[in-house]
Amino acid sequence: MSTVEQSSNPMEATPQKPWARRPDEVRRSTLKLAAAAVVALVVVLFTGMAGFDGWAITLLVIVLVATLVTSRSLSSKDRKNLLVSVSITALAMLAFLPWLSILFSVVTKGYQALHVGYLFNDMRVTTPDDELSMGGVGHAIVGSLIMVAIATVVTMPLGILSGIYLTEVRGRLTFLVRFIVQSMAGVPSIVAGLFVYTTVVRTMGEYSGIAGAAALSVLMLPTVSRTAEEVLKLVPDDLRSAGYALGARQWRTAFMVVLPTVKSGLITAGILGVARVIGETAPLLLTSLATNGFAFNPFSGTLGSLPTYTFSLLQYGTEYAVARAWSGALVLMVIVFGLFTIARRVGRKK
Amino acid sequence: MTFGSVGQESVRTADGAAVSVGGSPMSAPSEQPFIGLETRGAHAWFGNHHALTDVSLKFPERTVTGLIGPSGCGKSTFIRLLNRMHEFIPGAAMAGQVLLNGKDIYAPEEDPAFVRLKIGMVFQKPNPFPAMTIRENVLAGIKLAHLDRDDHDSIVESCLTRAGLWKEVKDRLDASGGSLSGGQQQRLCIARSLAVEPEVLLMDEPCSALDPASTLRIEETIKELAEKITVVIVTHNMQQASRVSDYCAFFLTDGGPGYLVEADNTRKMFTNPADPRTADYVQGKFG
């Protein structure tokens, strides 16, 4: 009837991935890498090179040299391909290494002072030299969250509105607004702290959480604003045109079509802003200072925060105090990670 | 010029030559059709570039008018002049008049948002709102333009039905508009335009990104739409123009600004046009 041939049983076909690497190949390269890792470990142990970083760099060198040696038997085309792909992977790992190293040291040094109740106690009746099973970081967590929350509430609308001004309205002041936002991004954090100290703290006559939040807002705004602008630029003009062609005014198109389209991108802008300021120490020392006990009122009196907690304990300098400082840093990192995860989840939901 | 008019009229071309248009009497309707939309001496510029010169054209109510011509002859510019989308392009300028029911839509007291509500538009690339469901997409215009309508369910059903999409999506109105195929997305965009009840629907090459089956569905939709509203469609496809349009307008450029060569009943444009260039174009000899 036709030239199309049917295989005897069309249902017999099983899904395969002919482009995937064969299992034995994967096993062999894993073994090779493990061998290189062991060799690197031995080298580190016998030469006394610096710990984890030394081991990772040694491993990198071994892998590169091994690749160079084994690639000699290949054809020139295959050799080039192998060398380039191994170098690219290795350099990517190298870029990843400092971050991994920081994470490694914060976790290994930070877990010592952790105990049940660390998150819920404060340092009111505990001195930095007391046993690590006493006291906690609760007051600093509360203070940090209060100030970052206020800064986020203040900054997000401002940042998104300035993004809308720069991409949707494109008014006469576009150049000026963009210039100021970019300049603000370059303001050193201690200058932001001094600014708020001379304005808010001197006016109120006391240190306060709200002053700390104001200093954080100054630092957070340019990050949020610039990211929001970049995200809004990605919205295709087709969608704006569609909105206008339905008889919508510009501001309604911006708020009902453009913003919902980039919701997850705007959440990312917020995340980046929070990440920018949650670890700031210098401006808080000039604005909210620090406390030893729980404080919940951001409008009056000093407020604790994780960076100032870590900073003051590090300055104290005794063994237990430093261990507490590392734990404070670990808690800060876990909180940032948790906030990121939550924000990502919220952004993806629909 | 008026479609179906008897006798000779002339249109000034870019080089100043008078071109005879209109031609001999044709199968003109016995009564003069009501003209809802009309342009008088319309020009368009992008910065210093004169893109379109002196187009006077009438669109009889409840008909389909096809705008044909080679690329770069100003068809899309012209259609965007008709509902004030032209002015969104930086450096854009225009001259002449565009009349809707006798009133110039470019008059200072006219509200452009209200004009676009009356004269809807479907774009070349399907552009449903990705953050909205199918249902929300259809109702988007009502929300965006602040219209006071509460029979939302019946609007969704009737608009999707008129756009020929209801049967395919009635069980998944809460799915994202982006989950549809290209042809379905374009019909969703048509349904979205219909929901605000425009008097005129402008379509800028609505089928150029679609497969033949989707194209056929949309052409059927266009014919059904023309029973109630005026449709203006830009197309590069001669067969499509001859299939869907009642009237055709042929645009051309000689390197300078685009101009209208002639406009007439579609059958006449395709069988016995007044201008030899129209004959050459519709027979595929150039463009």
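Taking amide H as placed 1.01 Å from N in the peptide plane, residue B:94 has its amide H under 5 Å from the amide H of B:45, each at least 5 places away in sequence or on another chain. Extension gain, residue A:69-residue A:342: 0.36 nm per intervening residue step, less the Cα-Cα distance, totals 93.6 nm. Length gained on full extension, residue B:239 to residue B:227, computed as 0.36 nm times the residue gap minus the Cα-Cα distance: 2.2 nm.
Here the label points at residue B:101 and residue B:211, each 7 Å from Cα along the C-beta direction, are separated by 4.2 nm in the simple model. Here r is the Cβ-Cβ distance between residue A:41 and residue A:91 and R0 is 25 Å; the resulting FRET efficiency, rounded to 0.05, is 0.65.
Take every pair of alpha-carbon atoms less than 8 Å apart whose residues are at least six positions apart; their mean separation over the length of region A:22-110 yields a relative contact order of 23 percent. Cross-link check: pairs A:77/A:233; A:233/B:228; B:118/B:170; B:103/B:223 evaluated at a Cα-Cα cut-off of 32 Å; pairs beyond the cut-off: A:77/A:233; A:233/B:228. What the Cβ-Cβ distance of residue B:93 and residue B:35 gives, at R0 = 35 Å and to the nearest 0.05, is a FRET efficiency of 0.85. The label-point distance for residue A:31 and residue A:52, in a model that sets each label 7 Å from Cα toward Cβ, rounds to 3.0 nm. Look at the stretch A:246-256: the mean tally of other chain Cβ atoms within 10 Å of its residues' Cβ atoms is 6. Pull out a ≥ b ≥ c, the square roots of the eigenvalues of the alpha-carbon gyration tensor of region A:138-348, then state rounded if a/c is under 1.5, prolate if not and a/b is larger than b/c, and oblate in the remaining case. The shape class here is prolate.
Each Lys and Arg adds +1 at its Cβ and each Asp and Glu adds -1 at its Cβ; summed about the Cα centre, chain A shows a dipole of about 1180 debye.
Among the DSSP helices (H) of chain A, those spanning at least 18 angstrom by Cα along their long axis with an average Kyte-Doolittle hydropathy of -0.5 or more are A:23-47, A:51-70, A:76-110, A:138-164, A:209-233, A:263-277, A:319-348; this is a geometric and hydropathy rule only. Segment residue A:145..residue A:161, full-extension length gain: 3.4 nm, with 0.36 nm per residue of separation and the alpha-carbon distance subtracted.
Using the Cβ-Cβ distance between residue A:251 and residue A:13 with R0 = 60 Å, the FRET efficiency computed as 1/(1 + (r/R0)^6) comes to roughly 0.60. Peptide A:170-178 is shielded by partner chain Cβ atoms: per residue, an average of 0 of them sit within 10 Å of its Cβ. With a/c under 1.5 counting as rounded, go ahead and sort the protein assembly as shown into rounded, prolate or oblate using the C-alpha gyration tensor (a ≥ b ≥ c being the square roots of the eigenvalues; past the cut-off, prolate if a/b is larger than b/c, else oblate). Prolate is the answer for the protein assembly as shown, as a/c is 1.5 or above and a/b outweighs b/c. The relative contact order of chain B, computed from alpha carbon pairs under 8 Å that lie at least 6 residues apart in sequence, is 26 percent. Taking Cα atoms only, the orientation of helix B:182-194 departs from the longest principal axis of chain B by about 90 degrees. Each of A:146, B:159, B:59 was placed along the dipole of the protein assembly as shown (beta-carbon charges, centred on the mean Cα), and the one lying farthest toward the positive end is A:146. Between residue B:170 and residue B:150, the distance separating the two model label sites (each 7 Å from Cα on the Cα→Cβ line) works out to 2.6 nm.
Rule-based calculations on the coordinates, nothing more; no lab input. In this text the structure is predicted, and so the values were computed from the model without any measurement. When we count neighbours, we look across all protein chains shown, and the Cβ atoms used for this are built from the backbone with ideal geometry, even at glycine.
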